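Report on one structure; see the data block that follows.
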Amino acid sequence: MKMERQPMVSIIILNYNGKQFLETCLTSVINADYSNFEVIFVDNGSTDGSIGFVKERFGKNPRLKIFRNKENLGFAEGNNVGVKYTSGEYIVFLNNDTEVDPKWLKELINVVKSDDHRIGAAQSKLLLMDDRKRIDCAGGFIDHYGYANERGHGQIDKGQYDKIEEIFYAKGAGFIVRRKILKEVGLFDPKSFMYYDETDLCWRIWLRGYRIVFVPKSIVYHAAGSTISRIRKPVKRYFLTRNQMTTLIKNYNSKNVLKYLAVFITLELRKAVLLMFRRDLATGIATIKALSWNLFNLKYVWKKRQEVQLLIRKVPDAMIMRKVMLKPYPPYPQRLIFPKSHFPKETLAKPN
């Protein structure tokens, strides 16, 4: 009997000063129980000797291709560069601070191939590297205002998310997408740099009419927060707020973008004022700058919106909102009074 050919998979590992993680990450990936794959290692202008280490330790492995950007292009454009060098039918985006289970890739491929015409992307079960019984992310969801929730984060893994389920977005630390889909919906928005890049991409995949699913048998251990911990709070707040607003503008239809964007801006302005009153002036100003960026760059954002609405969209907002978006909690205008209460515990496990 002929064995079914395993499709070619390109695994992109983006690195920025993550030398301490590379031995574990690359060793586990290269030893995966899957025969037909390549590893595209993209260094984002590291200064910690990462490139030298990878060349010395793994440079002779025929599966590995090494590329270096002259500067840190961020998560979005750094991975976009990696895509240019791939040859696989499927493309995996994997963080450098991860360790994969040997059957990780095989499980992803099995699920995606089971519904190849409808599944556009799939996320692995992400468990915490330093506490492997706890969940990092079992799929991502957003509410109508774009506030994100990583399902299961910090919970002990008791099998509560051991079903293949639809999710709104796949976390960028470990997910797979078909090359064909990227040709239809485009790559990560290069302007995003970091945060909401995978949310925006997955939203476009849903708008194109494809599904995104969570694959519980594909296990990836993730040192969550290892990169974020090096980012100052005002910088993090700037990119989070800026890109959340951009994502709403680009992907909602005309009615919903007016309805939900107005609430989002009101909430963020309120947040900025409160931060300043609490003497966190830098973070408050960063929030206002983030909102202003979308105004000053409206030509770029609007062009991207037109691409999504005219060239990509095949599915109405109502279907996505009903299927894989979480209801806002508390609802507006209560959220103005209780701005920190995005999601009660009982809503974290499942979407609408």
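Numbers for the structure displayed
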item	result
Nonlocal amide H pairs with Phe37, under 5 Å, H built at 1.01 Å	Val9
Computed Kirkwood radius, in angstrom, where 1/r is averaged over Cα pairs of the stretch 232-315	13.4
Whole-number percent relative contact order across the stretch 9-229, with pairs defined as alpha carbons under 8 Å at least 6 apart	25
Interchain or long-range residues, amide H under 5 Å from Val213's placed H	Ala121, Ala122, Gln123, Ile167
The stretch 232-315: relative contact order in percent, alpha carbon pairs under 8 Å with at least 6 residues between	43
Residue of Ser50, Ser114, Ser35 that the Gaussian network model of the chain assigns the largest fluctuation, springs spanning Cα pairs under 10 Å	Ser114
Counting DSSP beta bridges with both ends in the stretch 9-229, the antiparallel % (nearest 5)	45
Distance between modelled label sites at Met276 and Arg118, nm, 7 Å Cα→Cβ extension	5.0
Length gained when the stretch Lys133-Asp162 is fully extended (0.36 nm per residue, less Cα-Cα span)	9.1 nm
Along each principal axis, Cα extent of the stretch 67-124, largest first, Å	40, 26, 17
Backbone HN-Hα couplings from phi across the stretch 163-174 [Karplus 6.51/-1.76/1.60, Hz, Gly and Pro as x]	10, 6, 9, 6, 10, 6, 9, 9, 5, x, 5, x
Cβ-derived FRET efficiency at R0 25 Å, Ala262 paired with Ile285, nearest 0.05	0.70
The chain: most fluctuating residue of Asn253, Asn243, Asn297 per GNM, C-alpha cutoff 10 Å	Asn297
Centroid-to-centroid separation of the stretch 182-243 and the stretch 74-114 [C-alpha atoms, Å]	13
Length released on extending from Leu311 to Asn297, taking residue separation times 0.36 nm less the Cα-Cα span	2.9 nm
Percent of Cα-Cα distances greater than 32 Å, calculated over the chain	29
Sorted by Cβ density within 10 Å, fewest first, the residues Arg151, Arg63	Arg63, Arg151
Residue order, fewest to most surrounding Cβ atoms within 10 angstrom, among Cys202, Cys25	Cys25, Cys202
Relative contact order (%) - criterion: Cα under 8 Å, at least six apart; region: the stretch 171-302	24
Choice from Leu207, Leu94, Leu311 showing the highest fluctuation, given a GNM over the chain with Cα pairs closer than 10 Å	Leu311
Helix-only CD estimate at 222 nm, as mean residue ellipticity for the chain, using -39500 (n - 2.57) per DSSP H run (n ≥ 4)	-12500 deg cm²/dmol
Sequence of Trp302, Trp203, Trp293 once ranked by neighbouring C-beta atoms within 10 Å, starting from the fewest	Trp302, Trp293, Trp203
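Bear in mind that the values in this text are calculations on the coordinates, not laboratory data. What you are looking at is a predicted structure, and each value in this text was computed from that prediction instead of being measured. Using ideal geometry, Cβ is built from the backbone for each residue, glycine included, and neighbour counts are taken over all protein chains shown.
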